[in-house]
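Below: one structure, written as structure tokens.
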Amino acid sequence: YPKIFEQFGLIRKFEQFRNSFPDEYIDGEREKEFFAEATELLTRIKALGSKYYKLLDLDKRIVTHHNEDYIERHSKDHIFDDINGRSLDDEQRRAILCDPGSNLTIAGAGAGKTLTICGKVKWLIERQKVPHDRILLLSKESATDPAKKIGLMYPQIKVKTFHAIGLEILRAHNGKKNAIEDQFKAIIQDYFDRKLLENQSIVKAVF
């Protein structure tokens, strides 16, 4: 009898666990954690035998189904109907709601990439309650267009090119704008003066 009650308790715990996903996108790391915990529960259930209960199984697509349902439900959110006066299409909404640790979105010129980024910022601030100062937008080349469009919605959001944010960090750290050429020369000089001599294999390779 103790085994029956123990197994029943574990089964209830497993079912509650399996059906208690938070209302958010589950990324790769969270998915690993979920399956690790679920597998551990199933192992404990199976160790008690299957005389009284049909053993449960874990659908490997459960997280995928949850994420698709999450995107489907939230893509109808009216927040996406007005991004700088325009309504986002289904692909743009999906790009915003698909929220893993990193998300590569490929689109051609004029496809609405900057508008999608504006939508993402609006979603983060108004639905996910992310503070403005926790958002940084970086552009490879010019940041003028995204800065202008984001500025219409949230002027306090920082929009920079990679070079501009790099110089800003250096200036904040050193109190001045450093000349890149001087820094580069100093780094090489320091390497040959100190670090190179600490590794004989590198010294031999250099010579």
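The values are calculated or read from the model by the stated rules, or taken from the named source; none is laboratory data. All values derive from a computational prediction rather than experimental measurement. With ideal geometry, Cβ positions are generated from the backbone for all residues, glycine too; neighbour counts draw on all protein chains shown. These area figures cover heavy atoms from the full protein model, side chains too; ligands, DNA and RNA do not enter into them. Shrake-Rupley method; radii C 1.70, N 1.55, O 1.52, S 1.80 Å.
Residues that are aliphatic (A, V, I, L, M), touching a residue at least 24 places away in the same chain (Cβ under 8 Å) and out of contact with any Lys or Arg (no Cβ under 7 Å at 6 or more places or on another chain) within the range 96-119 comprise Leu97, Ile117, listed in sequence order. Scanning the range 53-75 for residues that are more than 30 Å from Gly119 (Cβ to Cβ) and either exposed (fewer than 11 other Cβ atoms within 10 Å of the Cβ) or at pLDDT 90 or above (or both) returns Lys54, Asp57, Asp59, Lys60.
Of the candidates Gly175, Gly151, Gly166, Gly119, the single residue that is more than 30 Å from Asp23 (Cα to Cα) and surrounded by 10 or more Cβ atoms within 10 Å (Cβ to Cβ) is Gly166. Total residues in the range 76-108 satisfying the condition of being in a helix (DSSP H, G or I) and either open to solvent by 40 Å² or more (accessible area, probe 1.4 Å) or of a type outside the set (Val, Ile, Thr) (or both): the figure is 10.
Would a scan of the range 131-141 turn up a residue that is at pLDDT 90 or above, in a helix (DSSP H, G or I), out of contact with any strand residue (DSSP E or B) (no Cβ under 6 Å at 6 or more places or on another chain) and surrounded by 12 or more Cβ atoms within 10 Å (Cβ to Cβ)? Within the range 131-141 (the criterion being at pLDDT 90 or above, in a helix (DSSP H, G or I), out of contact with any strand residue (DSSP E or B) (no Cβ under 6 Å at 6 or more places or on another chain) and surrounded by 12 or more Cβ atoms within 10 Å (Cβ to Cβ)), the answer is yes, since at least one residue qualifies.
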